[in-house]
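So the structure is just underneath, and the comments pick up after that.
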Amino acid sequence: MMFVDSHCHLNYKGLVENQDAVLARAAEAGVSAMLNISTRKREWADIIATAEKAPNIWASVGIHPHEADSHADVDTAQLVAASDHPKVIAIGETGLDYFYDHSDREQQQESFRAHLVASRETGLPVIVHTRDAEEDTARILREEMGKGPFPGVIHCFTASGEFADIALELGLFISISGIVTFKNAQDLRETAARIPEERLLIETDSPFLAPVPHRGKSCEPAFVADTGRFLADLRGVSVDHLAQTTADNFYTLFSKANA
């Protein structure tokens, strides 16, 4: 079985200090590919450089909603230009985070829309972060999708079942992280069990959110296998089937990785 970690932060503290060992452990765990995610403009070059190290590592370019205030100058044109690199296969992560409100909500929304337009213009999937902002996230996704379709994924899904239905209706994928293994994640498990097979991805969001049995540790891409095994059991399929399906879905969504 070969898993794909569709969302990790290989250049973040907790992974970057021992990046070669992290990548070796991922290979030992059966992780065949990783998408290395950016959250700030100053990271883009390093994120891409890490992706250039190996044929199975890819990169994204984007601005996290926490960083929207400090990146008000990053517009669609800059995102489109940066995404031209052959290892960049996604736009983001972007979205809305009203839980922490580290950036002004209107600025978050403006940045989010700029990413969605970049996704539409490039055809590259947009990676959407949403926390305590379901209503506005859904509204903006619907409004922008109405102007022309774009591919995308709701990453590290923790929202309601109703929001999952909206995302699926809009043609988006849903990615499940190690949170699904947590004791208090019953609502998420109910949603994860019913996501259509052809729209399902898995991720670590490492170095955050280590799944059971690694709670309390720095998360890393190797742990996507633990989430995969848990999710396979939850959905009543074999681990091999879950791994193959989610890997196939990754390459369907992030089709530039096939080039």
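Restricting to segment 39-59, what's the tally of residues that are over 21 Å from L200 (Cβ atoms) and in contact (Cβ under 8 Å) with a residue 40 or more places away in the chain? Full working, then the answer.
Of segment 39-59, the ones over 21 Å from L200 (Cβ atoms) are 39-55, 57, 59.
Keeping just the survivors that are in contact (Cβ under 8 Å) with a residue 40 or more places away in the chain gives 39, 48, 50, 57.
The number of residues fulfilling the criteria is 4.
Residues in segment 23-48 that are among the β-branched types (V, I, T) and either farther than 24 Å from E67 by Cβ or at pLDDT below 95 (or both): 1 in all. State whether one or more residues within segment 145-153 are surrounded by fewer than 16 Cβ atoms within 10 Å (Cβ to Cβ), within 23 Å of I91 (Cβ to Cβ), of a type in the set (D, E, K, R) and out of contact with any strand residue (DSSP E or B) (no Cβ under 9 Å at 6 or more places or on another chain). Yes, some residue in segment 145-153 is surrounded by fewer than 16 Cβ atoms within 10 Å (Cβ to Cβ), within 23 Å of I91 (Cβ to Cβ), of a type in the set (D, E, K, R) and out of contact with any strand residue (DSSP E or B) (no Cβ under 9 Å at 6 or more places or on another chain).
Pairs linking a residue in segment 169-192 that is free of Cβ contacts under 8 Å to residues at least 40 places away in the same chain and β-branched (V, I, T) to a residue that is outside any strand (DSSP E or B) and surrounded by fewer than 15 Cβ atoms within 10 Å (Cβ to Cβ), with Cβ atoms under 7 Å and 6 or more positions apart or on different chains, are T191/G161. From the list R194, R229, R235, R199, which residue is surrounded by fewer than 15 Cβ atoms within 10 Å (Cβ to Cβ) and either over 13 Å from D5 (Cα atoms) or in contact with a Cys (Cβ under 9 Å, 6 or more places away or on another chain) (or both)? One residue alone meets the criteria, R194.
The C-beta contact set for segment 1-15 (first residue without any contact (Cβ under 8 Å) to a residue 40 or more places away in the chain, second residue aliphatic (A, V, I, L, M), distance under 6 angstrom, 6+ apart or interchain) comprises N11/I47. Mind counting the residues in segment 175-191 that are buried (at least 21 other Cβ atoms within 10 Å of the Cβ), over 20 Å from D240 (Cβ atoms) and not small (G, A, S)? Here the count works out to 2.
So that you can scan it fast, the table gives a plain yes or no per residue for (1) of a type in the set (D, E, K, R); (2) touching a residue at least 60 places away in the same chain (Cβ under 8 Å); (3) within 24 Å of P196 (Cα to Cα):
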site	(1), (2), (3)
Y100	no, no, no
E110	yes, no, no
T158	no, no, yes
E162	yes, no, yes
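A259 satisfies every condition listed in (1) exposed (fewer than 14 other Cβ atoms within 10 Å of the Cβ); (2) aliphatic (A, V, I, L, M); (3) under 18 Å from the mean Cα position of the chain (by Cα) except (3).
The values are calculated or read from the model by the stated rules, or taken from the named source; none is laboratory data. Note that the structure is a prediction, hence the values are computed from the model and not measured. Note that we place each Cβ from the backbone using ideal geometry, even for glycine, and neighbour counts take in every protein chain shown.
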